Protein chains: 2
Amino acid sequence: MSSAEEIARAAKSAFEKSQLVPGSERVNALHAIRRELESQKDEILAANAEDVKAAQAEVSAGRMDDAMLKRLDLARGDKWDSMLQGILDVAALPDPNGKVTYASELDDGLELYRVSCPIGVLLVVFEARPEVVVNIATLAIKSGNAAILKGGKESNRTTVLLSKAISAGLSQTQLPATYIQTIQTRAEVSSLLDMDRYIDLVIPRGSNSLVRNIQNNTRIPVMGHADGLCSVFIDESADLDKAVRVAVDAKIDYPSACNAAETLIIHEKVLTTVWPKVAEGLLGAKVRLLCDEPSLSALKSSSSSIPENQVSLADDAAYTTEHLSLTISVKTLPNLQSAIEWINSHSSHHTDSIVTESDENASIFCRGVDSAGTFVNASTRFADGFRYGFGTEVGISTGRIHARGPVGLEGLVTYKYMMKSKAEKGHIVGDFGTGKKQYKHAPISATSVPF
Amino acid sequence: MSSAEEIARAAKSAFEKSQLVPGSERVNALHAIRRELESQKDEILAANAEDVKAAQAEVSAGRMDDAMLKRLDLARGDKWDSMLQGILDVAALPDPNGKVTYASELDDGLELYRVSCPIGVLLVVFEARPEVVVNIATLAIKSGNAAILKGGKESNRTTVLLSKAISAGLSQTQLPATYIQTIQTRAEVSSLLDMDRYIDLVIPRGSNSLVRNIQNNTRIPVMGHADGLCSVFIDESADLDKAVRVAVDAKIDYPSACNAAETLIIHEKVLTTVWPKVAEGLLGAKVRLLCDEPSLSALKSSSSSIPENQVSLADDAAYTTEHLSLTISVKTLPNLQSAIEWINSHSSHHTDSIVTESDENASIFCRGVDSAGTFVNASTRFADGFRYGFGTEVGISTGRIHARGPVGLEGLVTYKYMMKSKAEKGHIVGDFGTGKKQYKHAPISATSVPF
């Protein structure tokens, strides 16, 4: 048996053994892991410093970019403390399992309950940031899933020690030590992607190409987000102040986030009224505008002081590019319907916002735009698990199956049906049918399974 | 552009155009389709008779089995009438869309709603039974999804006419005529499996090999069920009468269904008490028993009149075989825990049942067995969308993602987040944070989106 198969079997077995462990013990495990991390802090940060040092050499040699180096560094700012605080925050969230979402009395004494439960074994593949090991382990333990984690090779020294602390924490509880496992090589990932018998969900957290590569190479369901091409549409009736505030915030609040706006769509009727003020706001915030012909000429005729280096003509590729920087593409369209069609064919179905004073147009936009988030007079940057009130975020899904948009702990659970007969003779299907018993289907009001 | 790509683009475009069509118009479409089918009944049944005739030649030549021939025949029994009645039944179900499942006031005047909506474009691939075209079209239209359907080539003459009737019905409504499309060739399916840009979910309805073949060849999520290896566990404290009734019903009520029991697990303490009576019930119903050593010898010492041709020793493969016939594999195990482990490693995670008088064991079984359905003193045959009270059944999913177990219309919808700011200046993220505004996250009680 390959070592990857052993890992996968151990994960499945750990998951199955954990099914009868109560939620309170999961919370104990999270506290134990936090204590282990705290007590091994010096050793972990020393290993992390070595990872950072090795990465610095790579940066100097031009083989790694500076942003990745920053993501590696666990000693930066309050990263360590917020990693540990994150464990406590997730521990304090309500248990996502055991919730009844459908209950029906099918016949006298035959009760059916649909109840939330963990998915099983998660395979999580991510890049660079070593604290993701702790984040994901925390989410998996809280939601009742076993997990196999693979980080970037740049952070191997750090993640090995983080994993040891997690195992040490688990070993103080009823949960199996193999509940959370870490692997180091791409070859192992490749083998694991074949093991749909043991692994129930793959979660890639990283680049577009990582996600697609995984989707192309597995039968196992994949939950990930490909990219974030979000847009803001300035409608005919847009309020000037709202338009400026929403467009600028959506672009500049955190340009490298997936929920930042990459495209601004201008209703042609506001080209000479609202648009120049929005442009002024963006230009003042150092944003570079890639304009189509109408928006460019409207801008030039509205003011003589356009900074030439911040404004240029867009090519077609601009509208399907995730800039992730202080650049925004600008498109002029004649009406709401064409804006909806444009967004549906150009956006990544992540989050799109309309600025409008028309309730009717707001309603049409929210229903007509086929994205995970459709907003009215609000920045696309609100698309986030914490802001939505989930307490934590597993990621943001641009898929439509299972979980869509910002995903909280709910995205890591599924459900099962439990049924119990209390009848003297049990219940059989042969007793029902034409001329025999009929199904009752009486709703039961319950928040948990009573047996 | 390939013809498959044209079909996929047309489906996506039809889906997007349909987003603003109200649910009532979908119901109108279903009634129009039913009328078209009724008015073209003679023509359709004549085409079906030709399909059946061609299939009879295949059966005679030994290239097709008799069961498939029966599945083809739309004139058999009440098949035609129940197909049309099915349309009316689905039309009368509640609209699965537009339901709010989470709503929160993030800040004064900033409201977030999670609301159910269609998934998008479905690709449904099935075998033999031509009425599935009508079933699936009905489910897709009711749930707001566009669909591309591919039936078995044996029923091509019939499905072409069924599709024409569906298009004719759609053309009397606001829904695009390309909302439901039918394709004829495997090559088209193969091309479509590549088009994750346009197709959102693949639903294979057919053999295990069909499902796996599709899973192996697409990035698009697949909702299907691989197989149905269900079991009944007769616990130490089982009531004799319940044990006999449940085991016999689970096996014989409809042996070729995926929710029929394929394995019977006997607690070793009831080998000489309950088991011989259960065996008697099964043997009396013409069931063939594939026993392990302990159950076989217990049976032989309990009675001298065991019909030799119905009882034999099981090989290992028996316990992972979906018999789909009047055959059941019998396994003896020492306790509840080993039964749970056996089921988790041998069953297909479909539906498993325990016969027990112990509330504690019932509870442990329901939580410890990792299947879509875990039942107590009830036949596995209850695992069914109609019996569960869903009014219709899209299929039964042995996957854990998105939908698990019997799937009703709910399995064909996803959700999106709609957010609206009512504030004078709209809402931006930059106003929140340390020293600034804090999120409110006040639950909103709502069943539909108020804007």
### Message
A drop of at least 10 square angstrom in accessible area, chain alone versus all protein chains together, probe 1.4 Å. Which residues of segment B:67-111 meet that?
### Response
B:Y102, B:L106, B:L110
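Carbon-plus-sulfur fraction of the accessible area of segment B:79-213, 1.4 Å probe, in percent?
Numbers: 2200 of 4410 Å².
So the carbon and sulfur contribution to the accessible surface is 50 percent.
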### Task
Take every DSSP beta bridge with both residues inside the protein assembly as shown and express the antiparallel ones as a percent of the total, to the nearest 5.
30 percent
### Query
P(r) of segment B:185-277 in 5 Å steps, Cα pairs, percent per bin?
2, 12, 17, 14, 9, 9, 8, 9, 8, 5, 5, 1, 0
### Query
Out of the DSSP beta bridges found with both residues in chain A, what percent are antiparallel (nearest 5)?
35 percent
### Query
Cα to Cα, under 19 Å, and not fewer than 8 places away if on the same chain: which aspartates and glutamates meet these conditions relative to A:K53?
A:D42, A:E43, A:D65, A:D66, A:D73, A:E127, A:E131, A:E154
#### Entry: Pair A:A446, A:S39: separation of 7 Å Cα→Cβ label points (nm)
4.2 nm
### Query
Considering only the other residues whose Cβ falls under 14 Å of the Cβ of A:G391, what net charge follows from Lys and Arg at +1 and Asp and Glu at -1?
-3
### Message
Ratio of alpha-carbon Rg to the 2.2 N^0.38 Å globular estimate for segment B:297-414, to two decimals, please.
### Response
1.27
### Query
Rounded, prolate or oblate: which one fits segment B:75-186, using the alpha carbon gyration tensor with axes a ≥ b ≥ c (rounded when a/c is under 1.5, else prolate when a/b beats b/c, else oblate)?
prolate
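Over segment B:236-369, with the other protein chains present, what is the accessible area per residue in square angstrom, probe 1.4 angstrom?
Details: 5350 Å² over 134 residues.
Value for segment B:236-369: 40 Å² per residue.
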#### Entry: Long-range amide H partners of B:E357 with built H, under 5 Å
B:S237, B:A238, B:D239
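In segment B:255-319, what percent of the accessible surface is made up of carbon and sulfur (1.4 Å probe, ligands and nucleic acids excluded)?
Values: 1500 of 2960 Å².
C and S atoms contribute 51 percent here.
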### Task
List the GluC sites (Glu not before Pro) within segment B:387-451 that fall in a DSSP loop (any state other than H, G, I, E or B) and whose Cβ has at most 15 other Cβ atoms within 10 Å.
B:E424
### Query
Across bins of 10 angstrom width beginning at 0, how are the C-alpha pair distances of chain A distributed, in whole percent?
4, 18, 23, 22, 18, 11, 4, 1, 0
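First check a/c for the protein assembly as shown, with a ≥ b ≥ c the square roots of the eigenvalues of its C-alpha gyration tensor; if it is under 1.5, answer rounded, and if not, answer prolate when a/b is larger than b/c or oblate otherwise.
Working: a/c = 2.08, a/b = 1.35, b/c = 1.55.
Because a/c hits 1.5 or more and a/b fails to exceed b/c, the protein assembly as shown counts as oblate.
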#### Entry: Hydrodynamic radius (Kirkwood) for segment B:230-385, which is based on Cα pairs only, to one decimal in Å
14.9 Å
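Counting other C-beta atoms within 10 Å, and keeping those with at most 11, which DSSP coil trypsin sites (Lys or Arg not before Pro) do you find in segment B:8-67? Before the final figure, lay out each step's value.
Numbers: sites: B:R9, B:K12, B:K17, B:R26, B:R34, B:R35, B:K41, B:K53, B:R63; in loops: B:R63.
When the trypsin sites (Lys or Arg not before Pro) of segment B:8-67 are filtered for loop state and at most 11 Cβ neighbours within 10 Å, B:R63 remain.
Tell me which trypsin sites (Lys or Arg not before Pro) from segment A:135-214 have a DSSP coil assignment and no more than 10 other beta carbons within 10 Å of their own. Each step should come with its number before you reach the end.
Working: sites: A:K142, A:K150, A:K153, A:R157, A:K164, A:R186, A:R197, A:R205, A:R212; in loops: A:R197.
Answer in residue order: no site qualifies.
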### Query
Can you list the residues of segment A:1-50 that have at least 50 square angstrom less accessible area with all protein chains present than in their chain by itself, probe 1.4 Å?
A:E16, A:L20
### Task
With an 8 Å cut-off on Cα pairs and a minimum separation of 6 or more residues, tell me the relative contact order of segment B:230-385 in percent.
34 percent
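Lys and Arg at +1, Asp and Glu at -1: add these up for the other residues within a Cβ distance under 10 Å of B:R26 and post the number. Mind dumping the intermediate values first?
On the way: positive: B:K142; negative: B:E25, B:D95.
Once all neighbours under 10 Å are counted, the net charge is -1.
If you take the accessible area of A alone plus B alone and subtract the pair, what total do you get in square angstrom, rounded to 100, with a 1.4 Å probe? Before the final figure, lay out the partial values.
On the way: alone 21120 and 21080 Å², together 34740 Å².
Answer for the A-B pair: about 7500 Å² buried.
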#### Entry: Spatially proximal lysines relative to A:K437 (Cα-Cα < 27 Å; intrachain offsets below 8 disregarded)
A:K416, A:K420, A:K422, A:K425, B:K79, B:K242, B:K251, B:K277, B:K286
### Solvent-accessible area per residue, Å², over segment B:405-451 with all protein chains present [probe radius 1.4 Å]
49 Å²
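The values are calculated or read from the model by the stated rules, or taken from the named source; none is laboratory data. Everything numeric in this text was worked out from a predicted model, so none of it was measured. Positions of Cβ are backbone-derived with ideal geometry, glycine not excepted, and every protein chain shown enters the neighbour counts. The area values use the complete protein model at the heavy-atom level, side chains included, leaving out ligands, DNA and RNA. Shrake-Rupley method; radii C 1.70, N 1.55, O 1.52, S 1.80 Å.
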